[in-house]
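The values are calculated or read from the model by the stated rules, or taken from the named source; none is laboratory data. What you are looking at is a predicted structure, and each value in this text was computed from that prediction instead of being measured. Note: ideal-geometry Cβ built from the backbone for every residue, glycine included; neighbour counts use all protein chains shown. We work out accessible area using only protein heavy atoms, side chains counted, and drop any ligands, DNA or RNA first. Shrake-Rupley method; radii C 1.70, N 1.55, O 1.52, S 1.80 Å.
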Amino acid sequence: MGVTPRGRSRRLDRVLTDFGCEHSFAQAADRVREHYGITLGTSVVRAATMKHAHRARAQMQEQYAQPFRVLPAVGAEHVIAEADGTMIRTVKPGPRKGKRPREWEEMRLVAAQAKDSATAFYGATFGSVEETGRRWGHCTRQAGWGANSSIHALGDGAEWIRLQSQEVFQKQGRFLCDFFHVSEYLGTAAPTCRSSQPDSWRRTQQKRLRRGAVQLVIDALAPHLEPEGTIEEEAPVRNGYRYLNNRRDCLDYPRALVLGLPIGSGLIESGHRHVLQARLKKAGCAWLHDHADQMAHLRVLRANRQWEVLWN
């Protein structure tokens, strides 16, 4: 009959992995008991989930080993591509009893979506920015990147995102700083630039950015620059001035608005929440580095609608 002591059928493994990649392993065991009437220990759920998370990572790494610039002649006219990082709490290997040092490590998430499509594709890695760029290229290709496509890359202005957008998408890509991230700099500088009406001043600068008057915004900041030697934390105007001045070529909001393209990085922000953080950043949670990487790949595979491929 194929029954072995402490064995698990493929169907049971699928159920355990389904619950284990969405909930804590203890909660997953409770849900298996509630829905299927089977009582299993937390360690069984963990073992099954991580076994198939390891398979999911191996499967996705095979995909990433393929070249992503082999493009179809015709693809989506516009593809939106976004990238960002999130901090995951990790713990060193060792005995479970007693305290082990925790640390925060950056996991980078990339996403892509064809304009007017509701389908997004993701990639995640603890790896280098070059590895992140390769995964960005792969998920953008999945989203419809073709030889005729224009890639609308968005990010918070971090140098690695801007450079990778140039490296990966080359002449097909145009990078735009997230409008709401830029607005945070303006909002922080507003009380210094106009203490009586900071919100009104910020809204005026936002309107100028939307119509492409970047120089007017920079000129509005310039008279209020803090004296040289002021520490970074106490120089919001200087921070905003430097941020805008160094990214003049990444602030073309009028073009994006005319084409109906987003000026905010909502795609990647929502991706952080439902792809990574919903499982990897539960309260009090800390992961072994390798386990966090495996779980991230499992959740990316599921978000990319490749769940059936894992089990067939």
* Could you count how many Lys pairs in the chain have their Cα atoms under 22 Å apart, skipping same-chain pairs fewer than 8 positions apart? => 10
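Tell me which GluC sites (Glu not before Pro) from segment 15-68 have a DSSP coil assignment and no more than 15 other beta carbons within 10 Å of their own. Present the calculation step by step, with values, prior to reporting the outcome.
Values: sites: Glu22, Glu34, Glu62; in loops: Glu22.
Here the GluC sites (Glu not before Pro) that fit, given the DSSP loop and packing criteria, are Glu22.
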* Give me the distance in nm between label points sitting 7 Å out from Cα along the Cα-to-Cβ direction at Leu163 and Thr204, one decimal. => 3.8 nm
* Asked: Round to a whole number: what % of the accessible area of the chain belongs to carbon and sulfur, probe 1.4 Å?
  -> 50 percent
* To do: Return the inverse of the average 1/r over all pairs of distinct C-alpha atoms in segment 157-312, which is the Kirkwood hydrodynamic radius, in Å to one decimal.
  => 18.5 Å
* To do: With a cut-off of 16 Å, note down the residues of segment 113-153 whose backbone N falls inside the zone around a label point 7 Å from the Cα of Lys171 toward its beta carbon.
  => 146-151
* **segment 79-147, relative contact order in percent, only Cα pairs under 8 angstrom and at least six apart counted** => 32 percent
* To do: Read phi for every residue in segment 67-77 and hand back ³J(HN,Hα) as whole Hz from Karplus 6.51 cos²θ - 1.76 cosθ + 1.60, θ = phi - 60°, with x for Gly and Pro.
  => x, 9, 8, 7, 9, x, 5, 10, x, 5, 5
* Answer with a single label: of (1) 7, 32, 40, 20, 2; (2) 6, 26, 29, 21, 13, 4, 0; (3) 6, 23, 26, 22, 15, 7, 2, 0, 0, which was calculated as P(r) over Cα pairs in 10 Å bins from 0, in percent from the structure in view? => (3)
* What is the distance in Å between the Cα centres of segment 1-23 and segment 257-297? -> 27 Å
* **Cubic angstrom per residue, convex hull over Cα atoms of segment 162-233** => 127 Å³
* For segment 12-169, fraction of C-alpha pairs farther apart than 24 Å, in % -> 50 percent
* **Estimated distance in nm for a label pair at Ser270 and Arg8, the labels positioned 7 Å out from Cα along Cα-to-Cβ** => 3.2 nm
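How many Å² of accessible area per residue for the chain, probe 1.4 Å? Could the numbers behind the result be given before it?
Values: 15740 Å² over 312 residues.
Value for the chain: 50 Å² per residue.
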* To do: Normalising by the residue count of the chain, find the relative contact order in percent from Cα pairs under 8 Å and 6+ residues apart.
  => 20 percent
